[in-house]
Amino acid sequence: MNTSITKPPVQENINLSPYNTLRVEAKADQFITISEPSQLLAIYNKDFFKKYSPVILGGGSNVLIKSDLKQPVLKISIPGIEIIHERDKEILIKSGAGVTWHDFVSFCVEKGFGGIENLALIPGTVGAAPIQNIGAYGVELKDTFHSLKAFLPETGEERVFSINECDFGYRDSIFKKSLKGKVIITEVTLRLQKPPHTIEDSYYALQEYFQSNGIKSPTIKDVFNAVVEIRESKLPNPELIGNAGSFFKNPIVEVSVYQKLKQQYPSIPSFEAGAGKIKIPAGWLIEQAGWKGKKVGNVGTYKNQALVLVNHGGATGEEIYEHAMKIRESVKEKFGVELDPEVNVIS
Ligand code: FAD
Ligand code: EPU
């Protein structure tokens, strides 16, 4: 018998409000904290994954829990950061899936490892970052991603995924498509830059920030500080007001669709999205449809960012979901554009 395999702790009838940033008060029948990969094998041995389809949870910052959960919740809390390879110009660094993403970014910036400073202050865990290929301020996870290690609940095996196997796209990966629910990420390895760093500062908000602060040649620390400051001014802190960041993805439309909208709404903002496609900010569409800062019951949209749905206190998952669908319908009616949720809806 393998004595190194330990069973994880199981708690029953747990209020999930501290474990999701929308602060929905749903309950989980069973809440299991995974602090090392071998614990997944320990529960696999008991046919656990064959009987149930557990909900995998990191920091709960991109989920909407619609109702109480009968299926067990696996909270991934695997720690540890390790430099695994160092060369003149780059390093490979791996992190346990449970490490807080922002702590990982801060660690890397402090050490002078460049590449993820634009992704500062994104809530959640390292293990969830590949699921939607997190992105902000001109950078996506895929730009520095090397590989990840995962546990496969169907076979009890471990598998390494290289970047080519992850099929990363805008807020998308294979883990949201054909491998949805079939992979539990246990560690992630990134390839980061040692000085001299390539600085990505083309995003309009960074340009504005550096111009108004008189910073001509920003360092990775300057980018980190700028991103933190911009984010704090625009986005609600989930510690103070329940939210899950952007509730919808920014829609990507054909150029012809955009051109028609532009004729009717000359101030519509847009971003190039490659090969005849244009990305339209959903926040703008939602604001124009009259929802910005509007409160209905316990739910609303944030006053500084219409794309962020907020729980003003006591909102149920169902209530937030219904509100989101109303916003979706009204945007469709006004602009003919379909909004797809970015947030993962769990029921
Ligand atoms: P969770 O919410 O716990 O889970 C998200 C999904 O990943 C779920 O489907 C879950 O089942 C799955 N999952 C989680 N961990 C694992 C694992 N180890 N293995 C397999 N599946 C797993 N996102 C951006 O991309 N850019 C932003 O700028 C951004 N800003 C945000 C700002 C705020 C204020 C908030 C609240 C959210 C923001 N987000 C942003 C969304 C969110 O922070 C990211 O999607 C983050 O990666 C989610 O991490 P998490 O650990 O909280 O994942
Ligand atoms: N806008 C409005 N009204 C609003 C909000 C935005 O008109 O209420 C307009 C802005 O004026 C700007 C444009 O929309 O012209 C873009 O706004 P912003 O820079 O705030 O970015 P976003 O497109 O709303 C995206 C991501 C964020 C990410 C930022 C910065 C998506 C769905 N959202 O937001 O990610 O932090 O860019 O890169 O792609 C998240 O995924 O949870 C998230 C917060």
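The values are calculated or read from the model by the stated rules, or taken from the named source; none is laboratory data. As the structure is a prediction and not an experimental result, all values here were calculated from the model. Using ideal geometry, Cβ is built from the backbone for each residue, glycine included, and neighbour counts are taken over all protein chains shown. What goes into the accessible areas is simple: the full protein's heavy atoms, side chains included, and nothing from ligands, DNA or RNA. Shrake-Rupley method; radii C 1.70, N 1.55, O 1.52, S 1.80 Å.
Descriptive notes on the structure:
- Test: residue in the stretch 110-120 that is in a loop (DSSP other than H, G, I, E, B) and under 18 Å from Ile34 (Cα atoms): no
- Condition met for Pro269 (in the same structural domain as Arg328 (by TED's automatic domain parsing), modelled with pLDDT of 95 or more, out of contact with any Leu (no Cβ under 9 Å at 6 or more places or on another chain) and assigned to a loop (DSSP other than H, G, I, E, B)): yes
Matching residues to (1) among the polar types (S, T, N, Q); (2) within 12 Å of ligand 1 (Cβ to nearest atom); (3) surrounded by 18 or more Cβ atoms within 10 Å (Cβ to Cβ):
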| position | (1), (2), (3) |
| --- | --- |
| Leu206 | no, no, yes |
| Lys221 | no, no, no |
| Ala226 | no, no, yes |
| Lys234 | no, yes, no |
| Leu240 | no, yes, no |
| Asn243 | yes, yes, yes |
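- Residue check, Lys216 within 14 Å of ligand 2 (Cβ to nearest atom) and outside the structural domain of Gly135 (by TED's automatic domain parsing): no
- Residue, most open to solvent (accessible area, probe 1.4 Å), within the stretch 251-278, restricted to residues that are under 22 Å from the mean Cα position of the chain (by Cα) and in contact (Cβ under 8 Å) with a residue 40 or more places away in the chain: Ile252
- Members of the stretch 164-179 found to be touching a helix residue (DSSP H, G or I) at 6+ places or on another chain (Cβ under 8 Å) and buried (at least 17 other Cβ atoms within 10 Å of the Cβ), listed by number: Cys166, Asp167, Phe168, Ser173, Ile174, Phe175
- Residue in the stretch 248-255 that is outside the structural domain of Ile134 (by TED's automatic domain parsing) and assigned to a helix (DSSP H, G or I) present: yes
- Residue check, Gly336 modelled with pLDDT of 95 or more, within 16 Å of ligand 1 (Cβ to nearest atom) and farther than 17 Å from Gly242 by Cβ: no
- Selection from the stretch 180-198 of residues that are crowded, with 18+ Cβ neighbours inside 10 Å and free of Cβ contacts under 8 Å to residues at least 40 places away in the same chain: Val183
- The number of residues in the stretch 101-138 that are open to solvent by 30 Å² or more (accessible area, probe 1.4 Å), among the small types (Gly, Ala, Ser) and within 16 Å of ligand 2 (Cβ to nearest atom) comes to 2.
- Listed by position, the strands (runs of 3 or more DSSP E) enclosed by the stretch 25-100 that each have at least 3 residues that are open to solvent by 30 Å² or more (accessible area, probe 1.4 Å) are 27-34, 81-86.
- Tallying residues that are more than 16 Å from ligand 2 (Cβ to nearest atom) and either open to solvent by 10 Å² or more (accessible area, probe 1.4 Å) or under 18 Å from the mean Cα position of the chain (by Cα) (or both) within the stretch 301-322 yields 8.
- Of everything in the stretch 325-347 that is touching a strand residue (DSSP E or B) at 6+ places or on another chain (Cβ under 6 Å) and of a type in the set (A, V, I, L, M, F, W, C), the residue that is nearest to Ser270 (Cα to Cα) is Leu339.
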